[in-house]
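The values are calculated or read from the model by the stated rules, or taken from the named source; none is laboratory data. Since the structure is predicted, the reported quantities are computational estimates derived from the model, not experimental observations. Note that we place each Cβ from the backbone using ideal geometry, even for glycine, and neighbour counts take in every protein chain shown. What goes into the accessible areas is simple: the full protein's heavy atoms, side chains included, and nothing from ligands, DNA or RNA. Shrake-Rupley method; radii C 1.70, N 1.55, O 1.52, S 1.80 Å.
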Amino acid sequence: MVDLKVKLGQVELKNPVMTASGTFGYGTEYQDFIDLSRIGGIVVKGTTLRSRQGNAYPRMAETPLGMLNAVGLQNKGVDYFVNNIYPTIKDFETAIFVNVSGSTIDDYIITAEMLNDLDRIPGIELNISCPNVKEGGMAFGTSCLSASQVVREVRKVYKKEIMVKLSPNVTDIAEIALAVEAEGADSISLINTILGMAINAEKRIPVLSTITGGLSGPAVKPVALRMVWQVANAVKVPVIGMGGIMNATDAIEFLLAGASAIQIGTANFIDPTVSIKVLEGIEDYLKRHNFSSVNDIIGALEV
Amino acid sequence: MLDLIVKENKQLNNQYFLLILGSPDELPEMYPGQFVEVRVDNSPETFLRRPISINFVDYKRNELWLLIQIIGEGTRKLSTCKQGDLLNLLLPLGNSYTIPTNEDSKLLLVGGGVGIAPLLYLGSKLKEKGIICDFLLGGRSKYNLLQLEEFSNFGNVFTTTEDGTYGEKGFVTNHSILTNKKYDLIYSCGPTPMMKAVAAYAKSKNTECEVSLENTMACGFGACLCCVTDSVDGHVCVCTEGPVFNTSKLKW
Ligand SMILES: Cc1cc2nc3c(=O)[nH]c(=O)nc-3n(C[C@H](O)[C@H](O)[C@H](O)COP(=O)(O)OP(=O)(O)OC[C@H]3O[C@@H](n4cnc5c(N)ncnc54)[C@H](O)[C@@H]3O)c2cc1C
Ligand SMILES: Cc1cc2nc3c(=O)[nH]c(=O)nc-3n(C[C@H](O)[C@H](O)[C@H](O)COP(=O)(O)O)c2cc1C
Ligand code: FES
């Protein structure tokens, strides 16, 4: 038996396979496809203080080995989550994290406070990196000053795990990681989507209603791996890696680069059972290489 | 998620083909208006699955039919499927057209181009209920009118072509049947401008109208929120709350 348990700050996961925010709904969308209790954790949809309609259609463009999205955090607000969604998902036997976003620091504080009392939510993922909303979102995650400020204020009101999700749309990702670690982040997840754009040449118009959008999928994997490696080398807190993971080998690469857990996003759309396949693939790899614990390969890259 | 075997790939002409897929196991129950998400393969250009309507289901032979127009790389690859190939599908997805309970209902099914695809299965289900409907099918020219023989098994077929090579010349909304007959419910699937014109006609006659939308999709099962349409309830997902909508729900 190989030991798959990993520790992320205050939380222990049964295995390092998580699903990424905005790509896994509230988990319920996948219940027909997989046994949710097998995966290590779920990060539910981006949640904001007030309900948001998101951006206008079209919000998606397929690109070579990836996709651009401009969903813009469509959700019914934290009240609705607490009263209507939480009761339906709280008994899932996996760690459920809520991805929190806001336009102002107060938004983040109030939303986090409301989630603090939910027993079955061991932590939040602070999204300071969404490229698809005009105000806030990514703006907080692209400077050390504002990133530190959000984490500092939320830390005062939120007692459980704070996972901070970083934007790749910065010059020096390690610098931001160090800044949020200093303010009390329990763990750091990355990467959110990379700002991109698609054009319809025949019609001479942008494909997305917002002109630019967030790129995800295998196309971003090399960038994501590099950033995870840089951050894992810079900070002491655990790192959760994501960006283009399609199979177990991709996931193992992130673990070797220093991630303690991984999140799968876009791949769920193509194969809704992929998380289970990745989990089984990691287990096979550990057996094949005679490792007794997944922790033996975290950051085990030989350089 | 299911792997189905390609039993036959019928090239209807250089733009359209019909995939007949089979399964050794019993196919799940599917309703008219629902769709499938087909995995093409892992090539860079066809990364996401392709949404395709259920054209027909033959439960006796355990067959699923997909009628497909070649648009880009994904549909072009699908057009090269050979007998015996396996296709991976998510199915059935989305909601379905309303089947009236009254056998005397006067129903019109209006399709344009490849948008006729879900109407064949709808017509067959209506016939099972004892309702013989009218089909009004339109295309640019006679090459864009498909499966006319199959349609005639389930109802009365009326046609238009823009160039006048078959049926009445003009758009579906110009067809004489619309001035001669009154319907209880109109169903439509096809290009958006056509569906909007059909919806406007239905509204002018105070007739209920259901349309099937084709928004771009990443997942097809409600997880990504990429496929939304504007509605009286705000943004709703076409893949889960649709693809079929009553036009009163859309702001049409
Ligand atoms: C619910 C639903 C049912 C459909 N039913 C049918 C059908 O029965 N027969 C049929 O021929 N076509 C149908 N379509 C349209 C079909 O999905 C597209 O023609 C197909 O995805 C084009 O892929 P491609 O790679 O050939 O084209 P490309 O233009 O290269 O595709 C690029 C990207 O855009 C998306 N895309 C392009 N056109 C459309 C479109 N019209 N609708 C949605 N996404 C699109 C593709 O999925 C892909 O992600 C349906 C679409 C939807 C949403
Ligand atoms: C459709 C879509 C919606 C997303 N929504 C969110 C979100 O609400 N909050 C967030 O932090 N990240 C969101 N993301 C980013 C993903 O969680 C993930 O960081 C990114 O897609 C990279 O991983 P991947 O390549 O495996 O998809 C979204 C991504 C996609 C494709
Ligand atoms: S296509 Fe993903 S939610 Fe509709």
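Descriptive notes on the structure:
- Evaluated at q = 0.12 Å⁻¹: base-10 log I(q)/I(0), Debye formula over Cα of chain B: -0.68
- Averaging 1/r across all pairs of distinct Cα atoms in the protein assembly as shown and inverting the result yields a Kirkwood radius of 25.0 Å.
- Secondary-structure-derived ellipticity at 222 nm for chain A, considering helices only, amounts to -8000 deg cm²/dmol, per-run term -39500 (n - 2.57) for DSSP H runs with n ≥ 4.
- The ellipsoid equivalent to the alpha-carbon distribution of the stretch A:219-303 has semi-axes of 19, 17, 10 angstrom, derived from the gyration tensor eigenvalues as √(5λ) and listed largest first.
- Counted over the protein assembly as shown, the DSSP beta bridges are approximately 50% antiparallel.
- Sum of side-chain charges, B:Leu48 neighbourhood, beta-carbon under 14 Å (Lys, Arg +1; Asp, Glu -1): -1
- The Cα center of the stretch B:1-61 and the Cα center of the stretch B:173-202 differ in position by 28 Å.
- Check: the stretch B:49-128 dipole with +1 on Lys, Arg Cβ and -1 on Asp, Glu Cβ, in debye: 260 debye
- Restricting attention to chain A, close to 35% of DSSP beta bridges with both partner residues there are antiparallel.
- For chain A, alpha-carbon Rg and Dmax in angstrom: 17.9, 57
- Amide H contacts for A:Thr212 (H built 1.01 Å from N in the peptide plane; partners 5 or more residues away or on another chain; cut-off under 5 Å): none found.
- Accessible surface calculations at 1.4 Å, restricted to protein heavy atoms, place the stretch B:107-212 at 43 Å² per residue.
- For chain A, the relative contact order works out to 21 percent when only alpha carbon pairs closer than 8 Å and six or more residues apart are counted.
- Which listed pairs, of B:Lys182/B:Lys249; A:Lys45/A:Lys221; A:Lys277/B:Lys251; A:Lys277/B:Lys7; A:Lys156/A:Lys221; B:Lys10/B:Lys181, have C-alpha distances above 32 Å, in listed order: A:Lys277/B:Lys251; A:Lys156/A:Lys221; B:Lys10/B:Lys181
- Here chain B has 48 percent of its accessible surface on carbon and sulfur atoms, given a 1.4 Å probe and all protein chains in place.
- Normalised by the number of residues in the stretch B:107-212, the mean separation of alpha-carbon contacts (under 8 Å, six or more apart) gives a relative contact order of 28 percent.
- For the stretch A:1-156, the residue among A:Gly102, A:Asn83, A:Ser146 whose Cα projects farthest onto the positive side of the dipole built from Cβ charges is A:Ser146.
- The coefficient of translational diffusion for the stretch B:107-212, derived via Stokes-Einstein from the alpha carbon Kirkwood radius under 25 °C and 0.890 mPa s, stands at 184 µm²/s.
- Under 12 Å, Cβ to Cβ, from A:Ala20 - net charge with Lys/Arg +1 and Asp/Glu -1: +1
- Cubic angstrom per residue, convex hull over Cα atoms of the stretch B:2-93: 89 Å³
- Taking all protein chains together, B:Lys7, A:Lys277 sort by accessible area into A:Lys277, B:Lys7, largest first [probe 1.4 Å].
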